[in-house]
Every structure is written in structure tokens, then in C-alpha cells.
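The next block holds one structure in the form of C-alpha cells; read it before the comments.
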Amino acid sequence: MKVGFIGLGNMGAPMARNLAKAGHDVQGFDPVARMPDGVSSAATAVEAAAYGKVVITMLPNDEIVLDVARQIMPAMRRGTILLDCSTVTVDAACQLAARATQGGLDAIDAPVSGGIAGAAAGSLTFMVGGSKDALETVTPLLDIMGGRIVHCGSNGAGQAAKICNNMILGATMAVTCEAFALADGLGLDREKLFDVVSTSSGSSWSMNSYCPAPGVGPVSPSDNNYLPGFAAELMLKDLRLSQHAAEAVGAMTPLGARAMELYSEFVEQANGRGRDFSALLPFFTDRKRG
Ligand code: NAD
């Protein structure tokens, strides 16, 4: 299939590379990043979009996604599907869908979970919002880039699932880091805490698969001096998206709100930018209750 791919950063590059490796005809555009193996280079986003039967975007935020969509939609052939895999607001996903309909196009929001490792391995989870027909057309592509596809509902539902998931992730990582900081204070060995919690009712992905304590549990960014991985500023962005959504619908999300405050303090006042989101552990242990 002819695919236009816009945004070839940490996630987009391996995703596009996997599509090309599987035999799809991928034309990519990114103003900064190098083209991945097998992907041909378009001079502009518009050129990549005009080429594809499906156009994939993997971009940083709402503003950029909506701006790129404004540029490319007039150049996309009728019936083309815009498959946005970026993490953005539910509002942005719905705006993309409305604009696509106006232009005789289709749109799907399909944010991902699984990080850079999942993108490289082709094992991402896609959370999809959009029509069944459009999803059927893009499923052969999603199957290459991912291991699991969940059709969450109509446009916006994929982003809704993503921000709920990452609100849980932010809060569980924060409290897992707190537990290690408390264990240190109580003189409890970190390895012992892992052995107990990872097989008990306190277990979570943050503890079991992405342990924030260096040298404990499976290899994770904590073992690489907290280089991301999943950057703290991306977690902050996702927690802000969930709070924005919670305000819009009047949902009670006090732990999500507190996790957002903690990540905001870490990123903006404690040199957390560029560190993995599990580096809340040294952030806590370097401080004491005031
Ligand atoms: P990234 O910053 O590495 O890549 C984004 C790319 O977009 C960059 O290469 C940049 O040059 C390009 N870009 C910016 N403006 C552009 C424009 N106008 N036209 C074309 N390209 C443009 O970010 P990433 O880590 O690849 O994340 C991309 C998206 O995936 C984000 O929405 C992020 O929240 C989400 N996400 C990331 C992870 C992760 O672990 N990194 C996991 C899940 C979801």
C-alpha cells in the first residue's frame, strides 16, 4: 500500500521502518529527522500526504497535528485515511474527523502504548477511535506496527483510552517511587520490596516491568541512569491532557491531578526534563518531608 508518513522521531521512525520492511511503499517527511531504512523522502508534508492511500502522522502535540492537517488535507485524494497515532486531546481528534469529513476524507485516532521498544519490535497496542470501515482499511498496517488493536469507539475514543491509561501509569509510577523512598527510610531492602510487591496486591506494570529502582527487577531506564525510555515531560504532557479532559466532563480525578503536579514540579523546577519518568524516585529520595 502507498503510505505517507509524517513525523519520523523516536516513535515514527521505527514504525515507518517496519512498514517499509514489510513491503509497503512508504514516503516520509520530517523537517529534522533522517529517513529510516527503506523509506523514501518527500520534500514536504504535502507531498507525502498526496502520495499515500493512508497518511500516518506521529507528531508531538495538538498544535502541530492540527497545523499539519490544515496543510495536507487539501492535497489528499478523496477517500484517503488520515491515521493519527500521536497522543493529543480528544478535542483535536474530533476536530480532525470533522475536517476530514468536510474534505471527503476519513480520519482515525490511533494513539499507542508500548514506547520506543514496542515501536521497534512492532508490538505496540493501538487504541482506535473511528469507523469500522476505515479501521478495516488500515488494519494490515496496524498489524505490522503493533501486536494488539482495540477498537474503542467513534473518533476521539482512542485518545480517551490513551489518556485514561497514562493517568493510571503516571499515578502508579509516582506511588511506586514513593514506596521505594519510604522503604529506604524504614531500612527495608529495595530488592525485598520488589520481591514482595511484584507478586502481591500492590503489583503494577510500573513495579513489575519498569521498576524505578536501579539494579532491581528487569532492566529498565533506571539502570541506564534514567535516560528515557519515556521522558518525564511526555508523561507531564499526558497528565495535562487527562486533567484537561477531566475538567471538560467534570470527572473527579484527584490522584491524576496530584500526579500532574508532581511531574510538573519535577520537570519544571528540578531538572527533570530529558530524564525518564521513573526518575521521580531519586527526586523523592533527594528530598525529605519539610
Ligand atoms: P519525537 O519528538 O521524537 O518525534 C516527533 C517528530 O515530529 C520529530 O522528529 C519532529 O521533527 C517531527 N515534527 C515536528 N513538527 C513537525 C512538522 N510540522 N511536520 C513534520 N514533522 C514534524 O516524539 P516521539 O517520542 O516520537 O512521540 C511522538 C508522539 O507519540 C507524541 O505525541 C507522543 O506523546 C507519543 N508517544 C510517545 C511515546 C514514547 O515512548 N516516546 C510512547 C507513546 C506515545
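The values are calculated or read from the model by the stated rules, or taken from the named source; none is laboratory data. Note that the coordinates shown come from a computational prediction; the quantities given were computed from them, not determined experimentally. No Cβ is skipped: glycine too gets one built from the backbone with ideal geometry, and neighbour counts run over all protein chains shown. To get the accessible areas, we keep the full protein, side chains included, count just its heavy atoms, and leave off ligands, DNA and RNA. Shrake-Rupley method; radii C 1.70, N 1.55, O 1.52, S 1.80 Å.
Worth a mention:
- Square roots of 5 times each gyration tensor eigenvalue, C-alpha, the stretch 195-290, largest first, Å: 24, 17, 13
- Counting only DSSP beta bridges with both residues in the chain, the antiparallel share comes to about 15 percent.
- Seen through its C-alpha gyration tensor, with square-root eigenvalues sorted a ≥ b ≥ c, the stretch 1-126 comes out oblate because a/c lies at 1.5 or above while a/b is not bigger than b/c.
- Table column - 3J(HN,Hα) (Hz), the stretch 201-217, Karplus curve with 6.51, -1.76, 1.60, x for Gly and Pro: 5, x, 5, 6, 4, 4, 7, 6, 10, 9, 3, x, 9, x, x, 10, x
- Candidates 246, 269, 156 compared by Cα position along the dipole of the chain: farthest toward the positive end lies 156, with charges placed on Cβ.
- The stretch 6-90 - accessible surface per residue (Å², probe 1.4 Å): 43 Å²
- Spacing of the two label points (7 Å from each Cα toward its C-beta) at residue 43 and residue 265, in nm: 5.3 nm
- Seen from residue 38, the other residues with C-beta closer than 13 Å to its C-beta sum to a net charge of +1, counting Lys and Arg as +1 and Asp and Glu as -1.
- Each Lys and Arg adds +1 at its Cβ and each Asp and Glu adds -1 at its Cβ; summed about the Cα centre, the stretch 1-123 shows a dipole of about 400 debye.
- Percent of C-alpha pairs per 10 Å bin in the stretch 183-248, short distances first: 19, 37, 30, 13, 1.
- Helix content alone sets the calculated 222 nm mean residue ellipticity of the chain: runs of n ≥ 4 DSSP H residues at -39500 (n - 2.57) each, divided across all residues, give -15500 deg cm²/dmol.
- Over the chain, the alpha carbon radius of gyration divided by the compact-protein estimate 2.2 N^0.38 Å works out to 1.05.
- Ranked by how many other beta carbons lie within 10 Å on average, peptides 68-79, 241-252 from highest: 68-79, 241-252
- Charge dipole (debye, nearest 20) of the chain; +1 at Cβ of Lys and Arg, -1 at Cβ of Asp and Glu: 300 debye
- For residue 272, residues with placed amide H under 5 Å, excluding near neighbours: 267
- Using alpha-carbon coordinates, inclination of helix 12-21 to the longest axis of the chain, degrees: 60 degrees
- In order through the stretch 221-231: 3J(HN,Hα) via Karplus (6.51 cos²θ - 1.76 cosθ + 1.60), integer Hz, x for Gly, Pro: x, 4, 7, 10, 6, 6, 6, x, x, 10, 5
- Here the relative contact order of the chain, from alpha carbon pairs under 8 Å that lie six or more residues apart, stands at 12 percent.
- Maximal additional length on extending the residue 182-residue 99 stretch stands at 24.8 nm, based on 0.36 nm per residue less the C-alpha distance.
- Carbon + sulfur, % of accessible area of the chain - ligands and nucleic acids excluded, 1.4 Å: 54 percent
- Put simply, when 31-38, 108-115 are sorted by average Cβ atoms within 10 angstrom per residue, most first, you get 108-115, 31-38.
- For the stretch 125-134, Karplus couplings with θ = phi - 60° (6.51, -1.76, 1.60), whole Hz, Gly/Pro x: 9, 9, 10, 10, x, x, 6, 4, 5, 5
- Degrees, to the nearest 10: 90-102 long Cα axis against longest axis of the chain: 0 degrees
- For residue 288, the lysines whose Cα comes closer than 30 Å to its Cα, not counting residues fewer than 8 places off in the same chain, are 192, 237.
- The fraction of Cα-Cα pairs per 5 angstrom bin, counted from 0 for the stretch 1-70, comes to 4, 21, 32, 27, 12, 3, 0 percent, rounded to whole percents.
- Added length on full extension, which subtracts the Cα-Cα distance from 0.36 nm per residue, residue 255 to residue 224: 8.3 nm
- With 22 Å as the limit on Cα-Cα distance, the pairs of 2/162; 53/132; 21/53 that go past it are 2/162.
- Computed about its Cα centre, the charge dipole of the stretch 64-145 is approximately 220 debye, with only Lys, Arg, Asp and Glu carrying charge at their Cβ.
- Under 5 Å, built H, 5+ apart or other chain: amide partners of residue 53: 2, 3, 4
- Look at the alpha carbon pairs under 8 Å that are at least 6 residues apart: their mean separation over the length of the stretch 201-259 gives a relative contact order of 16 percent.
- On Cα atoms only, tilt of 62-72 relative to the major axis of the chain in degrees: 10 degrees
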